1. Would you mind telling me the share, in percent, of accessible area of the range 178-252 contributed by carbon and sulfur at probe 1.4 angstrom?
2. Ignoring everything except DSSP H segments at least 4 long, calculate the 222 nm mean residue ellipticity for the chain; use -39,500 (n - 2.57) per segment, divide by total residues, nearest 500.
3. Can you give the charge dipole size of the chain about its Cα centre, rounded to the nearest 20 debye, using +1 on the beta carbon of Lys and Arg and -1 on the beta carbon of Asp and Glu?
4. From the alpha carbon gyration tensor of the chain, can you work out the equivalent ellipsoid semi-axes (sqrt of 5 times each eigenvalue) and give them in Å, largest to smallest?
5. List nothing, just return the count: lysine pairs in the chain, 8 or more apart or interchain, with Cα separation under 29 Å.
6. Tell me, what is the percent relative contact order of the chain, built from C-alpha pairs under 8 Å that lie six or more residues apart?
7. Give me the distance between the Cα centres of the range 186-238 and the range 115-180, rounded to whole Å.
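The values are calculated or read from the model by the stated rules, or taken from the named source; none is laboratory data. Model, not experiment: these values are computed from the prediction. Here the Cβ positions follow ideal geometry from the backbone for every residue, glycine too, while neighbour counts run over all protein chains shown. Please note that ligands, DNA and RNA were not included when accessible areas were found on the heavy atoms of the full protein model with its side chains. Shrake-Rupley method; radii C 1.70, N 1.55, O 1.52, S 1.80 Å.
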Amino acid sequence: MSKFSRRQWITTGLAVTAGGSGLAVAAKLAKHYGLIPPDAGTLYGPGETLTYAAQRILTRHSLAREFPRSAISAKPLANETAPPSDAFKRLQGAGFVDWRLAVDGMVARPASFSIPEIKRFPQSSQITSVQCEEGWSYIAEWMGARLSHVLDAVGTLPQARYVVYRSIEPDWWDSIDMAEALHPQTLVTYAMNGGGLPVGHGGPLRLRVPRQLGYKSVKFITRLTVTDDLKKFGKGLGSASPEGGYAWYAGI
Ligand SMILES: Nc1nc2c(c(=O)[nH]1)N[C@H]1C(S)=C(S)[C@@H](COP(=O)(O)O)O[C@H]1N2
Ligand SMILES: [Mo]
């Protein structure tokens, strides 16, 4: 069976079973293809599974919408974050020279990158929308290194399935699957709208995941961990969001 017709068959199967004999059968099919999200066991689990599996099959390579420069919002809204910790303030006081992005887990060469080192990767830019789950959004230009380039530099092992990313804010951590991690629009950003990345928008380093809702774009990132198993992190649901009732997969 060709790749295309196989994909078509899986998608049709998902839709038919979801409509016909119920979500449980669709979930079984999704499991067969390794498309069960880490929060599948929660209240919204069956729906989550169907959304994630169907989107991964249909839109794995699709691009988040990019906008012309004229669409950039005059006043991007910096959503409120918790007051900065002492650790953050110390680093900020020294101009973030000691900020590091550690990369560990299932990689051949664990590393710890300074901001100048992140800036040495080829620069990507994108004009995309940050969409909060509460309904508001804004459009901005982001500059950064592709996460795929950072992962190439450390040598992701073939068993890798997810990348967990953590903020200096302990409550903020999340994860994405390798399809999202290697996607060309997923960036480790350090600049916005032609200037530096303001602290209000996640400076000095923020992961931009423009194909998913704003909460997946975690601010102040300090560590990436490549893994094949999300159960070991937090409550095992893939991020802090499902612990608070939000979906792990937040595809737009
Ligand atoms: N570390 C951290 N990252 C975060 C948040 C936060 O409070 N702390 N808020 C999230 C939410 S809910 C949204 S909608 C976006 C908002 O991004 P903005 O401030 O650039 O608008 O950041 C996300 N990343
Ligand atoms: Mo949000």
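1. 55 percent
2. Estimated from H runs of four or more residues: -8000 deg cm²/dmol.
3. 620 debye
4. Square roots of five times the eigenvalues give 31, 20, 18 Å.
5. 26
6. 20 percent
7. So the two Cα centres are separated by 5 Å.
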